[in-house]
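What follows draws every value from the coordinates through simple rules; no lab data is involved. All values reported here derive from a predicted model rather than from experimental measurement. Note: ideal-geometry Cβ built from the backbone for every residue, glycine included; neighbour counts use all protein chains shown.
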Amino acid sequence: EGARAIELQTNAIRLAEPGLARALAEAGVDEAFISLHGSTAEISDAVTNAPGTFARTVVGIDQVVAAGITTRVNFVFCRANLEDFPAYVELVAARWPAAMLVVSFVATSTDVVPRTAELQPRYSEVIPPLADGLRRAAARGLVVTGFDSMCGIPLCLVPRDVREFFTLATVPEGFDGGEFIKAAACERCELQDKCFGVRRGYAELHGTDEFRPVRADTPA
């Protein structure tokens with residue numbers, strides 16, 4: 001009986017308070033999923049529009065890691081921070097080497113999120129800094145995840161060996177209530193049942209010409 005694991009999703013601002021992370025660990029929190037939106041206060045605080053929160057989140061992550069809680073640090077690509085990802089990888093690898101890094105992409109999933117190019121870049125704009133960051137992460141032994149999530153990017157665009165994605169579970173039909181669509185290229189893609197596709201809001205803003213079908217024999 002009971003939960004197999006307890007995960008806390010947070011910006012870790014409160015966890016900067018001494019002793020709080022330790023108390024949560026003792027209370028049974030196993031994992032923490034913490035969003036940090038840039039490698040510097042200038043970038044992160046601009047994304048959140050909350051000055052001073054970068055410094056508090058960084059200290060909060062310090063406290064969570066020190067408390068022995070498994071930590072995943074989440075980077076959400078948006079227009080304001082997309083070029084910062086390589087530096088972000090360096091920060092995480094240097095300061096929290098035992099943490100995992102999760103890659104997400106800003107989602108126009110509700111009317112609260114503006115569907116504008118000023119907030120949401122094209123995937124093709126994200127790929128170069130993402131690829132650079134992934135190379136740096138591999139060199140430093142930092143684990144990067146998130147590509148199998150509906151908050152990630154379409155699998156065909158991930159700039160690393162896509163063959164790993166053929167072992168993913170099949171995406172349940174109707175899981176999204178119609179929020180995601182598949183592009184014409186998806187019909188010829190051998191990963192189409194493993195991939196969430198693209199959010200309808202993204203397709204309405206940027207179209208679907210970036211996607212390409214993947215085959216099982218696609219080179220690494």
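Treating each Cα of the range 7-153 as one equal point scatterer and applying the Debye formula with no solvent, the log10 of I(q)/I(0) at q = 0.10 Å⁻¹ comes out as -0.33. Measuring between their Cα centroids, the range 143-173 and the range 178-207 lie 13 Å from each other.
Ellipticity at 222 nm from helices only: DSSP H runs of n ≥ 4 in the chain, each -39500 (n - 2.57), divided by the residue count, give -9000 deg cm²/dmol.
Here is the list for the range 1-80: GluC sites (Glu not before Pro) lying in DSSP coil, each with at most 16 other C-beta atoms within 10 angstrom of its C-beta, are 1.
Here's how it looks for residue 77: its modeled amide H is under 5 Å from those of 104, 105, 106, which are all 5 or more places away or on a different chain. Relative contact order for the range 95-220: 30 percent, from Cα pairs under 8 Å spaced at least 6 residues apart, divided by residue count.
Checking every one of the trypsin sites (Lys or Arg not before Pro) in the range 1-64 against DSSP loop status and a limit of 11 other Cβ atoms within 10 Å picks out 4. The loop-placed GluC sites (Glu not before Pro) in the range 155-187, going by DSSP, that have at most 14 neighbouring Cβ atoms within 10 Å of their Cβ come out as 173.
For the range 7-153, averaging the sequence separation of C-alpha pairs within contact (under 8 Å, six or more residues apart) and dividing by the residue count gives a relative contact order of 23 percent.
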